[in-house]
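> First, the structure itself, so that you have it in front of you.
The values are calculated or read from the model by the stated rules, or taken from the named source; none is laboratory data. Note that this is a predicted model, so its numbers are computed, not measured. As a convention, Cβ positions derive from the backbone with ideal geometry for all residues, glycine included, and neighbour counts pool all protein chains shown. Areas reflect the complete protein model, heavy atoms only, side chains present, ligands, DNA and RNA absent. Shrake-Rupley method; radii C 1.70, N 1.55, O 1.52, S 1.80 Å.
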Amino acid sequence: MIHSEHVLASKAKNYFSVEQLSVGYESRILLADVNFHLSKGSIGCLLGPSGCGKSTLLRAIAGFEQSLQGRIYLDDNWLNRPGRTVAAEHRNIGMVFQDYSLFPHLSALENVRFGLYGLSRPNAIAKARHWLGQVGLANKEKAMPHELSGGEQQRVALARALAPEPELVLLDEPFSSLDLEFREKLSREVRELFKASNTTALMVTHDQHEAFAMADYIGVINNNRLEQWDDAYHVYHQPVNQSVADFVGQGVFFERGNCR
Amino acid sequence: MSIVSSYGTDDQGALAHIIRYVLPNSLLNSLALTAGVCLLAGAIGVTLAWLTVSCEFPLRRFFAWVLFLPLAVPGYVMAFAFVGLFEYGGSLHSMLRHYRADSGWLLNVYSYGAIVLVLSLVLYPYVYLLARNAFQTLGQRSIEVGQSLGLSVRQSFFKVALPMARPWIAGGILLVAMETLADFGTVAVFNYDTLTTAIYQAWFSLFSLSAALKIAGILLLLVVVVTVLERHSRRQRQYAEGRNAARNTKRLQLGFGAQTAALLFCSSIFMLAFVLPLGQLLYWALPNLSQELTVRFWSYVSGTVLLATLAMFVVVSMAVALAFIARQKKGLVVTSAVRLATLGYALPGTVLAIGIFVPIGYVDHWLQSKGLSSGLLQGSLLVMMMAYSVRFLAVAYTPLENNLLRVTPSIDLASQSLGVAGMAMLRRVHLPLLGPGIVTAMVLVFVDVMKELPITLMTRPFGFNTLAVRVFELTSEGMWERAALPALAIVVVGFLPVYLLIRSTEVSPSVRASK
C-alpha cells in the first residue's frame, strides 16, 4: 500500500476507515489486507474488474457478510472486531443495490419512507417527500416501482438510502444497468447531491468513467488486493504500477475544480 | 402406502364377488369414459381456444372469457341439471311437446354419450386455458415468423402454431384424464359404474375395506401413469413459459359463413355448458325457495362454511410454512419434499379417503387397547383435515410460490440496511408481498373444499352434512328439485376462483381497458 503525502496528512480526521480487512471464504480469500479511509463528506470508489471481490468487500462493510479478519471503523464506532460484529440493521449504513431492490408492494414515496420508522407519520412523509424532491421525482410519489423507468427506480433507491441520513452510503455498481448517455448525467447529479448533503459515500464499479466522474478518492483492486488508494488526480497521473496504469488508462479524467 | 400393503390380506366372500362381477366392468367403464372425455373435451377446448385467439368474429372477446365460466359448475351439479333437461318428461321434452314438435331426437340422458358430454362440458376449460396460453404466446410469434417466410396466416397456424402448441394441449387433456378418473359425483348421478363408485360401494355397501383398497390400487396405478405423462408434458413446455403475449395480435379475418359458424359453435357450447344447466337449477329452485330456505338449509350452509374455513386455515398455513422452508433452504431434499407434498392433488378423493382411513383405524385400535374410548379419530374433523391437506396443498402452494418469487434476496438486504430485520421484516415486507398470494390460496382452498364430494362423504363425522353431501344425497334419491338450491349455492361461490383465474389470464375486457 502506497499513500501519497496529503492522504496520510488527513488520517487524523478519518471518519470511515477499513483496516487490514480480508474477505472471501476460508478456502478462497478474495481480497486480503485492505486498508483505506474516507473523511466526512467525501466520495470513495473501488474500481476493479468483475469478480475481483469488490462487491463482497462492500457487503462486508454493510454487514451482510462476515469478514475473515480486519476492522471497520465508522464515526467513532468499531463495526466489527474479532468476536463481535454489529448486525447490518444497526450499522446505520445505507445501501443502493445493483438491481435497486425497491419493495414492489410500496409506492415510490412509501419506499423512501420505509426506513423512517423512528419519526411520526407526518414528519416521515414530509421527509420522504423532501428526498424524493431532491432526486427530482416529486411528481412520482404515487407511482409503483414497476411503473417507473430504470433511471427513476435508481433515483428512488437513492432517496430511500439517503432519507434516514445514514453515516455512510454504499453503492453497488449503481449505474450499470442504465444507458451510457444517461449514466454520465446521473452520476454527475448524484455527486452534486452527495456534496450538497455532505454525505459520505463508497461505491464499487468496474467502469473507469463512472469512477472518475463520481469519486474524490479511488482505489484500484487487482490481483486480490487493493493496489492503490489515492485521490482521483493521483491515481490517474501517478499510478503505482503497470496494472493500475493499464486499468485506469482506459478511463477519462474529468477536471472538476469547479465542482467542489 | 396402506393401499399397496393391502395386497397381502384377504377377505374372501366379498372380494371374490367384486373381482368377478364389479371390477372388470368398472375398469372398462373408467377407461372408456376417460378416452371419450379426453377426445371430446380436447376437441372442444382446442377449437374454442383457436377461435377466440386466432380468429376475428363478433362477440369474440365476450366469448373468450365467458367460456371459462363452466369451471364454476361441479360435475355432479351439471350432471343432475342435464338429467332434468334431457330426461323423458324433463324440461326440453315438455317444451318441444308444447310446440307439438318431435322430441324423439333428443339425447338419451342415461347413455354413455350423455355422460361423456356432461364431463366434457365441465372439463374442457382445462384444455381451453392451456391451449389459449400457447396460442397467445408462442403461437402469435410463430405466425409472424411463418408470414415472414411467405406463409399466409391460416397456413402458418396449421403448419407452425398448432404443432408447437402440442405440449400445452396434451397437458390440458391429461388434466382432463386425471379429473375424469377421479370423478365420483358425476358418474354416481348417472348410475354409471366406474372404479371410484366401485370403491365407494365396496366400502359402504359390502363393508369390505380390503376390496376397496384393491380397487383403489388399480385406480392409483392409472392415475400414476397419467401424472407421469402430465409432468413430462410440463417439462416440454418449460422453454416458452413466462413470455408475454404478443401485443398486436394478428387474427384470421373470417368470411360471413365462417363467422356465423364460429358464433354458433361458441354460443352453443356456452348454452349447453352454462346457460341451460343454470337455468334448469333456477327453474327448480325459485318456486320452492320459501320452502327450502329452512333452518336445515342454513345448517348445511354453516356446516360447509365451518369445514371450508377450517380447512382453509389448516392448508394455507401449511403451504406458507412450506413456501418459507423452500425459500430458506434450497437443496435436493427440500425440493423433492415440496414436490412430494404437492403431488397429492393427483390422488382421487376416493383413494385418498380410504388411504387415510386405514392407518387411522390402526391408531384408533391401538388407542383402544390403551384404554381410551374407541373411534376417537375415525370420522373426526382431524381425519378430514389430513385428507384435505394432502389433496389441496398444491392448490394453496402454487399462488404462494409465484408471489414469493418476487421477493429477491437483495430485497431482504435492502430492508436490513434500512434497519428493518427479523419479525419487523416479516411484517413489513414478506407478508405484504405474499398477501395477494395468501388471499388467492385461501379462496381456492375454500371453494375446492366446498365443492369436494368423495373425501367429505367418506370421512365426515356421523351426522355432519355439507351442501355437497346434501346435493349427493338428494340426487341419489332422484329429488332434483330439492337439490337445486344447495347446488346453486355451490355454483355461486364457485364463481370466485373463476373470476381470479380470468383476471390472472387477462382475457376480461375490463382488465384490458385499464391497461
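> Look at the range B:268-310 and say how many of its residues are exposed (fewer than 15 other Cβ atoms within 10 Å of the Cβ), in contact (Cβ under 8 Å) with a residue 24 or more places away in the chain and of a type in the set (Gly, Ala, Ser).
1
> Please determine, by comparing only the residues of the range A:73-127 that are part of a strand (DSSP E or B) and among the aliphatic types (A, V, I, L, M), which one is farthest from the chain's Cα centre (by Cα).
Step one: list which residues in the range A:73-127 are part of a strand (DSSP E or B), which gives A:73-74, A:77-81, A:84-85, A:93-96.
Among the residues that remain, those that are also among the aliphatic types (A, V, I, L, M) are: A:74, A:79, A:93, A:95-96.
On the way: A:Leu74: 14, A:Leu79: 17, A:Ile93: 10, A:Met95: 7, A:Val96: 8 Å.
Checking each candidate, the answer is A:Leu79.
> In addition: Output the residues belonging to the range B:193-207 that are surrounded by 21 or more Cβ atoms within 10 Å (Cβ to Cβ), modelled with pLDDT of 85 or more and out of contact with any Pro (no Cβ under 9 Å at 6 or more places or on another chain).
Result: B:Thr194, B:Thr197, B:Ala198.
> Here's another thing I want to ask about it. Go through the range B:195-229 residue by residue and tally those that are among the polar types (S, T, N, Q) and over 20 Å from B:Glu473 (Cβ atoms). So that I can check it myself, show each step before the final result.
Restricting attention to the range B:195-229, the residues satisfying the condition of being among the polar types (S, T, N, Q) are B:196-197, B:201, B:205, B:208, B:210, B:227.
Still in the list and also over 20 Å from B:Glu473 (Cβ atoms): B:208, B:210, B:227.
Result for the range B:195-229: 3.
> In addition: Among the residues of the range B:397-404, are any open to solvent by 40 Å² or more (accessible area, probe 1.4 Å) and either farther than 30 Å from B:Ala487 by Cβ or within 9 Å of another protein chain (Cβ to nearest Cβ) (or both)?
The first filter runs over the range B:397-404 and keeps only residues open to solvent by 40 Å² or more (accessible area, probe 1.4 Å), leaving B:398, B:401-402.
Among the residues that remain, those that are also either farther than 30 Å from B:Ala487 by Cβ or within 9 Å of another protein chain (Cβ to nearest Cβ) (or both) are: B:401-402.
So far as the range B:397-404 goes, yes, one or more of its residues are open to solvent by 40 Å² or more (accessible area, probe 1.4 Å) and either farther than 30 Å from B:Ala487 by Cβ or within 9 Å of another protein chain (Cβ to nearest Cβ) (or both).
> Which condition from (1) facing chain A (nearest Cβ under 10 Å); (2) modelled with pLDDT under 85; (3) open to solvent by less than 10 Å² (accessible area, probe 1.4 Å) is the one that B:Ala421 breaks?
If we test B:Ala421 against (1) facing chain A (nearest Cβ under 10 Å); (2) modelled with pLDDT under 85; (3) open to solvent by less than 10 Å² (accessible area, probe 1.4 Å), just (3) comes out false.
> Also, quick follow-up: If we keep just the residues of the range B:43-93 that are in a loop (DSSP other than H, G, I, E, B) and among the small types (Gly, Ala, Ser), which is farthest from B:Ser152 (Cα to Cα)?
So the first thing to find is which residues in the range B:43-93 are in a loop (DSSP other than H, G, I, E, B), and the list is B:57-59, B:67-68, B:73-74, B:87-90.
Filter again for among the small types (Gly, Ala, Ser), leaving B:89-90.
Details: B:Gly89: 51, B:Gly90: 49 Å.
The qualifying residue farthest from B:Ser152 (Cα to Cα) is B:Gly89.
> Same structure again: Name the single residue, out of those in the range A:148-157 being away from every other protein chain (no Cβ under 12 Å) and not polar (S, T, N, Q), that is nearest to A:Val190 (Cα to Cα).
So the residue we want is A:Arg155.
> Does A:Ser101 satisfy the condition of being more than 11 Å from A:Ala163 (Cα to Cα), touching a helix residue (DSSP H, G or I) at 6+ places or on another chain (Cβ under 8 Å), within 12 Å of another protein chain (Cβ to nearest Cβ) and small (Gly, Ala, Ser)?
On the way: more than 11 Å from A:Ala163 (Cα to Cα): yes; touching a helix residue (DSSP H, G or I) at 6+ places or on another chain (Cβ under 8 Å): yes; within 12 Å of another protein chain (Cβ to nearest Cβ): yes; small (Gly, Ala, Ser): yes.
So A:Ser101 passes the test.
> So A:Leu168 ticks every box in (1) more than 14 Å from every other protein chain (Cβ to nearest Cβ); (2) closer than 27 Å to A:Gly63 by Cα but one. Which box is left unticked?
The one condition A:Leu168 does not meet is (1).
> Here's something else I'd like to know. I'd like to check something: does the range A:171-179 contain any residue that is in contact with a helix residue (DSSP H, G or I) (Cβ under 6 Å, 6 or more places away or on another chain) and within 12 Å of chain B (Cβ to nearest Cβ)?
Yes: the range A:171-179 contains one or more residues that are in contact with a helix residue (DSSP H, G or I) (Cβ under 6 Å, 6 or more places away or on another chain) and within 12 Å of chain B (Cβ to nearest Cβ).
> Say whether the condition of being open to solvent by 10 Å² or more (accessible area, probe 1.4 Å) and among the basic types (Lys, Arg) is met by at least one residue in the range A:158-168.
Within the range A:158-168, not a single residue is open to solvent by 10 Å² or more (accessible area, probe 1.4 Å) and among the basic types (Lys, Arg).
> For the condition among the hydroxyl-bearing types (Ser, Thr, Tyr) and under 18 Å from the mean Cα position of the chain (by Cα), what is the one hit in B:Thr52, B:Thr47, B:Thr34?
B:Thr34 is the lone residue from the list that is among the hydroxyl-bearing types (Ser, Thr, Tyr) and under 18 Å from the mean Cα position of the chain (by Cα).
> Would you say B:Ala258 is outside the structural domain of B:Thr47 (by TED's automatic domain parsing), modelled with pLDDT under 90 and either more than 25 Å from B:Met178 (Cα to Cα) or part of a helix (DSSP H, G or I) (or both)? First the steps, then the outcome.
Values: outside the structural domain of B:Thr47 (by TED's automatic domain parsing): yes; modelled with pLDDT under 90: yes; either more than 25 Å from B:Met178 (Cα to Cα) or part of a helix (DSSP H, G or I) (or both): yes.
Against the criterion (outside the structural domain of B:Thr47 (by TED's automatic domain parsing), modelled with pLDDT under 90 and either more than 25 Å from B:Met178 (Cα to Cα) or part of a helix (DSSP H, G or I) (or both)), B:Ala258 qualifies.
> List the number of the failed condition for A:Trp78; all other conditions in (1) without any contact (Cβ under 8 Å) to a residue 12 or more places away in the chain; (2) aromatic (Phe, Trp, Tyr); (3) not assigned by TED's automatic domain parsing to the domain that holds A:Cys45 hold.
A:Trp78 satisfies all of (1) without any contact (Cβ under 8 Å) to a residue 12 or more places away in the chain; (2) aromatic (Phe, Trp, Tyr); (3) not assigned by TED's automatic domain parsing to the domain that holds A:Cys45 except (3).
> Further question: Checking A:Asp75 against (1) surrounded by fewer than 20 Cβ atoms within 10 Å (Cβ to Cβ); (2) within 14 Å of chain B (Cβ to nearest Cβ): exactly one of these is not met. Which one?
(2)
> If you check A:Leu106 against the conditions, is it of a type in the set (A, V, I, L, M, F, W, C) and over 30 Å from A:Glu19 (Cα atoms)?
Working: of a type in the set (A, V, I, L, M, F, W, C): yes; over 30 Å from A:Glu19 (Cα atoms): yes.
Criteria met by A:Leu106.
> Looking at the structure I just gave you, is A:Pro145 in contact with a Pro (Cβ under 8 Å, 6 or more places away or on another chain), at pLDDT below 85 and open to solvent by less than 40 Å² (accessible area, probe 1.4 Å)?
Numbers: in contact with a Pro (Cβ under 8 Å, 6 or more places away or on another chain): yes; at pLDDT below 85: no; open to solvent by less than 40 Å² (accessible area, probe 1.4 Å): yes.
Answer is no for this residue.
> Moving to a separate point now. With the condition kept exactly as written, say whether any residue in the range A:44-59 is open to solvent by 70 Å² or more (accessible area, probe 1.4 Å), away from chain B (no Cβ under 14 Å) and assigned to a strand (DSSP E or B).
Residues of the range A:44-59 open to solvent by 70 Å² or more (accessible area, probe 1.4 Å): A:50-51, A:59.
Cutting the leftovers down to away from chain B (no Cβ under 14 Å) gives us A:50-51.
Checking which are assigned to a strand (DSSP E or B) leaves us with none.
No, the conditions are met nowhere in the range A:44-59.
> Also, quick follow-up: Has the range B:459-470 got at least one residue that is modelled with pLDDT under 85, under 19 Å from B:Leu352 (Cα atoms) and not in a loop (DSSP other than H, G, I, E, B)?
Looking through the range B:459-470, at least one residue is modelled with pLDDT under 85, under 19 Å from B:Leu352 (Cα atoms) and not in a loop (DSSP other than H, G, I, E, B).
> In the range B:425-438, which residue that is within 8 Å of chain A (Cβ to nearest Cβ) and not charged (D, E, K, R) is surrounded by the most Cβ atoms within 10 Å (Cβ to Cβ)? It would help to see each step written out before you state the result.
Going residue by residue through the range B:425-438, those that are within 8 Å of chain A (Cβ to nearest Cβ) are B:428-429, B:432-433, B:435.
Cutting the leftovers down to not charged (D, E, K, R) gives us B:429, B:432-433, B:435.
Working: B:Val429: 22, B:Pro432: 14, B:Leu433: 18, B:Gly435: 12.
This residue is B:Val429.
> I'm trying to understand the selection: among the residues of the range A:87-98, which are within 7 Å of another protein chain (Cβ to nearest Cβ) and among the charged types (D, E, K, R)?
The one that is within 7 Å of another protein chain (Cβ to nearest Cβ) and among the charged types (D, E, K, R): A:Glu89.
> Among the residues of the range A:104-142, write down those that are surrounded by 22 or more Cβ atoms within 10 Å (Cβ to Cβ) and at the interface with chain B (Cβ under 8 Å from one of its Cβ atoms).
Matches in the range A:104-142: A:Phe114, A:Gly115.
> Here is a further query. From the list B:Ala346, B:Ala337, B:Ala387, which one is at pLDDT below 80, within 26 Å of B:Met178 (Cα to Cα) and open to solvent by less than 20 Å² (accessible area, probe 1.4 Å)? Steps first, answer last, please.
Values: B:Ala337 fails: open to solvent by less than 20 Å² (accessible area, probe 1.4 Å); B:Ala387 fails: at pLDDT below 80.
None of the others qualify; the one that does is B:Ala346.
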